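Below is one structure; the comments refer to it alone.
The values are calculated or read from the model by the stated rules, or taken from the named source; none is laboratory data. Note that this is a predicted model, so its numbers are computed, not measured. In this analysis, Cβ positions are derived from the backbone assuming ideal geometry, glycine residues included, and neighbour counts consider all displayed protein chains. Protein only, heavy atoms only, side chains kept; ligands, DNA and RNA dropped before computing areas. Shrake-Rupley method; radii C 1.70, N 1.55, O 1.52, S 1.80 Å.
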Amino acid sequence: MSITPKLNRFDLSMIVISLVIGMGIFETPAQVALNVSNPYLYFGAWIFGGAISLCGALTFAEIGARYPTTGGFYKVFSHCFHPAFAFMINWIVVISNAASVAAVALIGAEYLNPLLLPPHLQHTIGIKLISMTSVLILYGNNLFGIKMSSRAQNVFTVFKIGLILVLCTSIFKSNSLVVVNMVNTPLVQDNISGFGMSLVAVFFTYGGYQQTINFGGDSINAKRNIPKAIFIGMITVIFLYLLINFAYFRAWGLEGLRHKPALAATLASAIFGDVGYKVTSLLMFISVMAFINVNIMSNPRVYYAMAEDGILPQKFKQVNQKTQVQVFGLSFFVVSVIFVLLFVNSFQKILNYVMFFDTIGLSTAAASIFILRKKTRHLDKTGIYTIKWYPAIPILFITTYWFVTITIFIKNPMAAFICLCAFIVGLIIYFTTKANKSPINPS
């Protein structure tokens, strides 16, 4: 029933990159462009978002080093605060992660839909069929074991990095870019609120690295490898994001970005023509598999941690000793993703709900570093990773994320209300579950 460490530093670094680079970077730049009035604010949002996300990544690197355990994103709440609070946050985080996977699957399906399906299926139903099929294929792959999943993950991630680099370097050699002449899109908000809303999309695109601590039980020499993998992964992500945003801007400018669907494939079309569009659309769909795969690997580990605390049935903790797969937990997560795909067909709708969950979850998880440092004083001066400029780094991260939380609340109060109700439902589920557990009589 236990987890055996099998993942090395390279595996973890590829996991970090895949957790962050979903398909968001090929969709959210258009959302950012719609919320800002000039290129300085556009690139400022991506640079500022990258800097703040790096602060968060460094915070979680220390959390992962001080408390390496399976399902670490749940366990750190339970250890530092209370199991009720841990469940309240994480049952929603797992749901929002399922929604994130669904959102990415939808974007990937939009790329492949025109190439694969006949015209009468090139609509919502066709997109959903492709997205569900891709999730089920990766579900089958993950049943072969954590190491097999990791090898596939490494291939997917290297492939995705290569694709981004080819697109971005080609832009500098191309003389065939289309000049965009469009009527300016009127902005419906001022610069401050617009910048705040742009950060919603930016942080969605930068998010995911925190799930790396879920692999604490799977990691070889976790106290050293998790921090280094998070740092290497996030520096790579920030570099790639700034590079591809510069390529988008050079191709179309800010106004062009606001009107461009399927950004990467459209960019390839501008550089390589119609054949480039089709090839890149296919490659983009293949690369989306990396994000789906790594989430299918990660989220069942949270179920494992919940089952260890007695919140979920022990069936969620069952592990195949040969493959290290939680067959029931894995299946439960995949069913959750399929359920979201059945009822939601808008990336933007998913984005609003997911980000409200994520901003609260990430900021409160980051705050656990203050408690964790006190509880693990014995690890100080043992060579363990510690954040420089503490406590400024985590405070900056937490403050910024709460600014985004408030922005979402103001701009979309209904989404915020529904999310807060979901947190309360989590507390009710927790205490109901605890109350219904029969006490064990000593014999």
Which aspartates and glutamates have a Cα less than 17 Å from the Cα of K411, not counting those fewer than 8 places away in the same chain?
D190, D358
Do you know the relative contact order of the chain, to the nearest whole percent, from alpha carbon pairs under 8 angstrom that are 6+ apart?
35 percent
On the full set of protein chains, 1.4 Å probe, figure out the accessible area of H82 and give it in Å² to the nearest 10.
90 Å²
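So, with a 1.4 angstrom probe, what is the percent of accessible area on segment 212-257 that is carbon and sulfur? List each step's numbers first, then the result.
Details: 1010 of 1440 Å².
Heavy-atom surface of segment 212-257 belonging to carbon and sulfur, 1.4 Å probe: 70 percent.
Given the -39500 (n - 2.57) contribution per DSSP H run of 4+ residues, what per-residue ellipticity at 222 nm results for the chain, rounded to the nearest 500 deg cm²/dmol? Please list the in-between numbers first.
Working: 15 runs with 323 residues, N = 443.
Calculated at 222 nm, the ellipticity per residue is -25500 deg cm²/dmol.
Strictly over 25 Å apart at the Cα level, which of K228/K381; K160/K228; K147/K434; K228/K322; K147/K228; K223/K315 would you flag in this model?
On the way: K228/K381 18 Å; K160/K228 21 Å; K147/K434 35 Å; K228/K322 28 Å; K147/K228 20 Å; K223/K315 29 Å.
Cα-Cα > 25 Å for K147/K434; K228/K322; K223/K315; rest within.
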Exposure of E110 as accessible area (Å², to 10), given a probe of 1.4 Å and all protein chains:
90 Å²
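Once you keep just the Cα pairs under 8 angstrom separated by 6 or more residues, what percentage relative contact order results for segment 10-110? Don't skip to the end; give the middle numbers.
Working: 25 pairs, mean separation 27.0, N = 101.
After rounding, I find 27 percent.
For segment 1-134, give the percent of accessible area contributed by carbon and sulfur heavy atoms, probe 1.4 Å, rounded to a whole number. Walk me through the intermediate numbers first.
On the way: 2670 of 3890 Å².
Of the solvent-accessible surface of segment 1-134, carbon and sulfur hold 69 percent.
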Rolling a 1.4 angstrom probe over the protein heavy atoms, how many square angstrom per residue are accessible across segment 277-325?
32 Å²
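Over segment 19-116, give the accessible area per residue in Å² for a 1.4 Å probe, as an integer.
Working: 2210 Å² over 98 residues.
I get 23 Å² per residue for this part.
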Using alpha carbons only, how many angstrom separate the centre of segment 401-432 from the centre of segment 40-103?
16 Å
Under the span-like rule (Cα at least 24 Å along the axis, Kyte-Doolittle mean at least -0.5), DSSP H helices of the chain
39-66, 83-116, 124-142, 146-171, 222-257, 274-308, 327-343, 347-375, 392-411, 413-436
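As an exercise, use a Förster radius of 35 Å and the Cβ-Cβ distance of T376 and I286 to find the FRET efficiency, rounded to the nearest 0.05. Before the final figure, lay out each step's value.
Numbers: r = 42 Å, r/R0 = 1.19.
So the FRET efficiency works out to roughly 0.25.
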